[in-house]
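Since the structure comes first, as structure tokens, the remarks are kept for the end.
The values are calculated or read from the model by the stated rules, or taken from the named source; none is laboratory data. As the structure is a computational prediction, the values presented were derived from the model and not from experiment. Every residue, glycine as well, gets a Cβ built from its backbone with ideal geometry; the counts of neighbours run over all protein chains shown.
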Amino acid sequence: MNKLTLIAAVALYISGCASPPPKVWLKGGATAEQTNRDHMSCQQHGMESTKFKGLYGTMLQELSFNNETDKCMVNLGYQQR
């Protein structure tokens, strides 16, 4: 393996370990408890929707779950910061 290939492989490995910053949801007048309750409800909706679409257990599961959860929070009046 040449040096350039090794450097590229190490860079890809390191970038895969980095996680994105956590999402923060804001809604005027919503308490932290209400936001957490709404987020948990939206996560449940996201999982059910992912299963309904037949994506549960596939590589697209996490993407679909996150997308459906985010749409639910927006529909409840939250904005992501």
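Going through the range 38-57 one residue at a time, which ones are of a type in the set (A, V, I, L, M, F, W, C) and in a helix (DSSP H, G or I)? Residues satisfying the conditions are 40, 42, 47, 52.
Among the residues of the range 37-51, those that are in contact (Cβ under 8 Å) with a residue 12 or more places away in the chain and either over 14 Å from residue 63 (Cβ atoms) or among the charged types (D, E, K, R) (or both) comprise 38, 39, 41, 42, 43, 45.
A count restricted to the range 58-81 and to residues that are in contact with a helix residue (DSSP H, G or I) (Cβ under 8 Å, 6 or more places away or on another chain) and not in a helix (DSSP H, G or I) stands at 3.
I'm trying to understand the selection: among the residues of the range 51-76, which are of a type in the set (Val, Ile, Thr) and over 13 Å from the mean Cα position of the chain (by Cα)? Step through it out loud before you land on a result.
The initial filter retains those residues of the range 51-76 that are of a type in the set (Val, Ile, Thr), namely 58, 69, 74.
Passing the criteria: 58, 74.
Within the range 22-51, the residues that satisfy the criterion of being at pLDDT 95 or above, within 17 Å of residue 79 (Cβ to Cβ) and either surrounded by 11 or more Cβ atoms within 10 Å (Cβ to Cβ) or of a type in the set (S, T, N, Q) (or both) are 25, 26, 27, 30, 31, 34, 35, 36, 38, 39, 42.
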